[in-house]
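Working notes, structure below.
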Amino acid sequence: MAATELFARRATLGRSMRLLGQFRYEQSDPARFYGALAADTATLVTDLWRGVNGDDPAGRTLLDVGGGPGYFATVFAEAGLRYIGVEPDPGEMHAMQAAGSASSPGAFVRASGMALPFADDSVDICLSSNVAEHVPRPWRLGNEMLRVTRPGGLVVLSYTVWLGPFGGHEMGLTHYLGGARAAARYTRRHGHPPKNNYGSSLFAVSAAEGLQWARHTGTLVAAFPRYHPRWAWWMTSAPGLRELLVSNLVLVLQPR
C-alpha cells in the first residue's frame, strides 16, 4: 500500500473547504481552530502510519515538535498514542495553563526543535505541524526529527510555504511585498508588530528547499499539499508553480 493511499481518500474538496472555513477563527476562537486542525492532523498521521507500516499506531509513542498549548495532545491520546509535546515558547506553555490544558494527557517538555533532548531512535512517530517556517534552520529541525525516530518509524514534517497564499500568516497577502515591508505595514496599521514577525519568528521557506532536503536524506516516501484535495496533489511536482499554489507542504519520511 502506498503511504498516502488511505489519507488520499479523505482528501476531498469538502474537507479542504471545511478546513479553510476554520482558519478565520485562528485569532478570535483558537480553541475552535486548533481543535479542528488537531483532529485532522491525527487522522493524517494515523492514515500515514497505516499506509507505511500496515497496522494501527495505537500504543506507539508520538513526539510533537512545537505542539503549542495542548490541543494536539488530547486528540492523539484519544487515538491511543502516547503523546510527548515539545514547545520552546514559554508563552505557549502559559497559554496551555490559562486554557485549562495543563491536565491534557501526555507529557510536555520545554525545548528547541533544533536540539531535541531525546536519545537516538527513541520514538515511533515524530510530527512537526506548521513549525519549520518559524525557525531559522528548518532542516536542522528536520534532521533532529529523523535522529530521534526509530528505524521503520514515521516522520511527518508539514510547513507553510512562503510564497503560497498563507505564507504571510496574519500579515495576509502583503508578504508578496517582501517580508520586512509586510511586517512594517502590519505594525503601522495595527499599532504593534505581528505575532509572526519576519526575520525573527517567521522565515521564507520554499517547497523546493524542503523537497531537496528530504530527498537528500534518502528517507522520503511521500510529499503532497496538506490542505488540497487529492486531484490537486500534482502541484507538488511542478517547479515554480508549487511555490505559489502549495500553501502547506507535507514531507513524509521513514528512517532506516
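Tell me whether the stretch 203-222 contains one or more residues that are over 17 Å from Val252 (Cβ atoms), open to solvent by 40 Å² or more (accessible area, probe 1.4 Å), at pLDDT below 90 and in contact with a helix residue (DSSP H, G or I) (Cβ under 9 Å, 6 or more places away or on another chain). Checking the stretch 203-222: not a single residue is over 17 Å from Val252 (Cβ atoms), open to solvent by 40 Å² or more (accessible area, probe 1.4 Å), at pLDDT below 90 and in contact with a helix residue (DSSP H, G or I) (Cβ under 9 Å, 6 or more places away or on another chain). The single condition from (1) crowded, with 18+ Cβ neighbours inside 10 Å; (2) of a type in the set (A, V, I, L, M); (3) modelled with pLDDT of 90 or more that Ala77 fails is (1).
Scanning the stretch 34-41 turns up no residue that is assigned to a strand (DSSP E or B) and within 22 Å of Pro105 (Cβ to Cβ). Which numbered condition trips up Lys195, out of (1) over 22 Å from Asp47 (Cα atoms); (2) in contact (Cβ under 8 Å) with a residue 24 or more places away in the chain; (3) open to solvent by less than 50 Å² (accessible area, probe 1.4 Å)? Here Lys195 meets the rest and fails (3).
Does at least one position in the stretch 198-218 carry a residue that is over 21 Å from Pro136 (Cα atoms), of a type in the set (Gly, Ala, Ser), out of contact with any Gly (no Cβ under 7 Å at 6 or more places or on another chain) and free of Cβ contacts under 8 Å to residues at least 40 places away in the same chain? Yes. Applying the condition of being farther than 26 Å from Glu170 by Cβ and among the hydroxyl-bearing types (Ser, Thr, Tyr) to the stretch 1-42 and asking which residue is least open to solvent (accessible area, probe 1.4 Å) yields Thr4. Could you tell me whether the stretch 12-25 includes any residue that is in contact (Cβ under 8 Å) with a residue 60 or more places away in the chain, outside any helix (DSSP H, G or I) and closer than 14 Å to Arg226 by Cα? Yes, there is a match, as at least one residue in the stretch 12-25 is in contact (Cβ under 8 Å) with a residue 60 or more places away in the chain, outside any helix (DSSP H, G or I) and closer than 14 Å to Arg226 by Cα. Gly51 meets each of the listed conditions (1) in a helix (DSSP H, G or I); (2) of a type outside the set (D, E, K, R); (3) buried (at least 21 other Cβ atoms within 10 Å of the Cβ) apart from (3). For the stretch 226-255, filtering for residues that are open to solvent by 30 Å² or more (accessible area, probe 1.4 Å), in contact with a Gly (Cβ under 8 Å, 6 or more places away or on another chain) and either closer than 25 Å to Leu146 by Cβ or of a type in the set (D, E, K, R) (or both) leaves 1. As an exercise: evaluate Pro165 against (1) buried (at least 16 other Cβ atoms within 10 Å of the Cβ); (2) within 26 Å of Leu20 (Cβ to Cβ) and give the number of the one condition it does not meet. Against the list (1) buried (at least 16 other Cβ atoms within 10 Å of the Cβ); (2) within 26 Å of Leu20 (Cβ to Cβ), Pro165 comes up short only on (1). Taken as a whole, the structure leaves Arg150 outside the set of residues that are charged (D, E, K, R) and either open to solvent by less than 50 Å² (accessible area, probe 1.4 Å) or part of a helix (DSSP H, G or I) (or both).
The values are calculated or read from the model by the stated rules, or taken from the named source; none is laboratory data. Worth saying up front: this structure is predicted, and the values here are computed from it rather than measured. Reconstructed Cβ throughout: ideal geometry from the backbone, glycine too, with neighbour counts over all protein chains shown. All accessible areas refer to the heavy atoms of the entire protein, side chains included, with ligands and DNA or RNA removed. Shrake-Rupley method; radii C 1.70, N 1.55, O 1.52, S 1.80 Å.
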